[in-house]
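Before any comments, here is the structure.
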Amino acid sequence: SKLAALFKHPLYNIPVPEVTEKDKLFVVNPMEKFSLHSSGSDEWVSSSKAEALLPTGKTAYDTYPTWLKFHIGINRYELYPRRDPLLPTLLRDLATQRIVSSVQKSGGTQLKLIMTFPNYGQALFKPMKQTRDQETPIDFFYFSDFERHNAEIAAFHLDRILDFRRIPPVSGRLVNITKEIWDITTDKKLAKTFFISPAGNVCFYGECSYYCSTEHALCGKPDRLEGSMAALLPDKTLAKRRSWRSPWRRSYHKSKKAEWELNPNYCAQVRETPPYDRGHRLLDLIDMAILDFLMGNMDRHHYETFEKFGNDTFLLHLDNGRGFGTHSRDEPSILAPLQQCCSIKKSTYLRLQLLATQPYRLSDVLREALAADPLAPVLAEPHLQALDRRLGKVLVAVGHCLAR
């Protein structure tokens, strides 16, 4: 296994700083226990009376559902640890747990659903919109592109392979539109958009600002639909997040260009602007630009951080559905933060060099990681090959910086 060998490499064993109480997103009462209702339902309850139900040797933490353990594990330095024993269980839960509620997520340009499991866990469902081998048409603007379910899955694994670990876990899942959405939704607006197509397939389109119409309906075969299931982050009422506008945001206009596209010395003014004038925020942004370039994602207008940790924490890499749309061409402008600032974390650079070598080739380790997903193959082969080509271009860009 190239993937196992990669994660054993010394570059993937650099210790994170010691996590103190103030570095944790949540500080929990170690005596608080969770147990199932004795009525036989699958709902979890917090209960101090659970003591008698616990087999000897089990701690209160052992009674928590996996999604809750994931939330409790978030700290200032990482969304989840490198060797997270929870990860396989959490991915399996996302792919297999019974869905008890499906409602449309408000906002956004395209249809997304929030699905709830019996243990109060929740996931964001992005349905399949195009096949693996379809490329984004060359005349499409980045802001009118489809969001791809398989891009969300692949982005999570790529982010982990780069050792960023800033994307919440994502699994593919085959959903039954009738039983797992239509029959159980309490969302009246969503419920009104279901219909049976002339081919006898179950379809729906929801309500949103772009692709929510009968022309863009999502249809099952006859009611089976692929999608990505992303573990939801803690509710914002419990863990506030701050949204930051990216300095390298595109203009989102058909003819206007952004300032960074016109000014080659743009990075100099970014370096003088908080929070990029101190700490590792700018370097984290360059990490994100490299991730986006590798998957061809031009749609990174904002990023988020957990408010509790102030400016000294990692960036959340959310909404990656517009990645992996093209494999036959690369978009060099995504690398502007790296090229204009000529800065990169040493650890990131060393890992990129490692992933360009035969024993740890990026396409090979990502292919291996994706093979375990329920919807494998997640990416068409040309997308995997494009990763190696793009990685070479990132290393060339760093080489130019070193030469300068």
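Farthest towards the positive end of the charge dipole of the chain, among the residues Thr178, Thr59, Ser101, is the Cα of Thr59, using unit charges on the Cβ of Lys, Arg, Asp and Glu. What is the pair-distance distribution P(r) of the range 339-404, computed from all Cα-Cα distances in 10 Å bins starting at 0, with each bin given as a whole percent? Whole-percent P(r) values from 0 Å outward: 19, 43, 27, 10, 1.
Across the alpha-carbon atoms of the range 241-403, the computed radius of gyration and Dmax are 16.3, 46 angstrom.
Which value, in debye to the nearest 20, describes the size of the charge dipole of the chain about its Cα centre when Lys and Arg Cβ atoms bear +1, Asp and Glu Cβ atoms bear -1, and nothing else is charged? All intermediate terms of the calculation are to be shown ahead of the outcome.
Details: 55 positive and 46 negative charges, 103 e Å.
Its charge dipole is roughly 500 debye.
Placing unit charges on each Cβ (+1 for Lys and Arg, -1 for Asp and Glu) gives the range 241-403 a dipole about its Cα centre, and among Gln269, Cys342, Gln353 the Cα reaching farthest toward its positive end belongs to Gln269. Taking a span of 20 Å or more along the helix axis (Cα atoms) and a mean Kyte-Doolittle hydropathy of at least 1.0 as the rule, the DSSP H helices of the chain that qualify are 281-295.
Translational D (Stokes-Einstein, µm²/s) of the chain at 37 °C and 0.692 mPa s when Rh comes from the Kirkwood sum over C-alpha pairs?
After rounding, the answer is 145 µm²/s.
Here, each number is a calculation from the coordinates, and none is a lab measurement. Since the structure is predicted, the reported quantities are computational estimates derived from the model, not experimental observations. Note: ideal-geometry Cβ built from the backbone for every residue, glycine included; neighbour counts use all protein chains shown.
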